[in-house]
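Working notes, structure below.
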Amino acid sequence: MEQSDEELMKAYQEGEEEAMSVIFRRYQKKIFNFALRFLGHRADAEDATADVFLSLMKSGTSYQPEAKFSTWLYTIARNACISRLRRRKNIFSLSFKKASEENSEWEIPDIKTPDEEAHQKDVAMQIKNAIQNLPVSQKETLILRGYHALSYEEISKITGHTLENVKVLIFRAREQLRQDLGSLLQEVQS
């Protein structure tokens, strides 16, 4: 039977190094994808992911299973990304490659012809720019909900916003995207 994240952390705290390897394998891609979407640059995302797991190894002995492990880990990831943004002090872009989730409202359908492919790139750039222009708090809540399928409660714990504020931020982000991408949405629906 597979050990839970909390059991693995307890084993790591008791000196079992392999437990951290299992956690790393479970979460490496998820944390990297979160950082890539948040920061928009592969090198920054790789560095942030490394920072997250280094921090986890250092602070792992102080982990108390009061909250869900993944919530705690995403909080560390969020803080690592924000630290990178502060160091970089500029606007960032987001990647739009979605991790194999079905029925996503952000997915762009596969297109075959060269003209349609060029149009797809233009559409992706418009979406990317619209999300880039969202305030950071709206952007991060939208990424955590839309790309990582976290619950509102988990997002609240990760970001430090109240549950109601998380819902409002996501609602406002979606409404702003609908407004900014209105002509694009009408074109797709036609």
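A few comments on the model shown:
- Annotation note: Cβ proximity below 8 Å between a residue of the stretch 148-169 that is aliphatic (A, V, I, L, M) and a residue that is surrounded by fewer than 19 Cβ atoms within 10 Å (Cβ to Cβ) and not in a helix (DSSP H, G or I) (sequence gap 6+ or interchain) occurs for A149/E101; I155/H161; L169/H161.
- One residue stands out among those in the stretch 1-33 that are closer than 24 Å to N79 by Cβ and among the aliphatic types (A, V, I, L, M): the one that is surrounded by the most Cβ atoms within 10 Å (Cβ to Cβ), which is I31.
Each reported figure results from applying straightforward, stated rules to the coordinates on display, with no laboratory input. Bear in mind that the values here come from a model prediction, so they are computed numbers and not experimental data. Cβ atoms come from the backbone with ideal geometry, glycine included; neighbour counts cover every protein chain shown.
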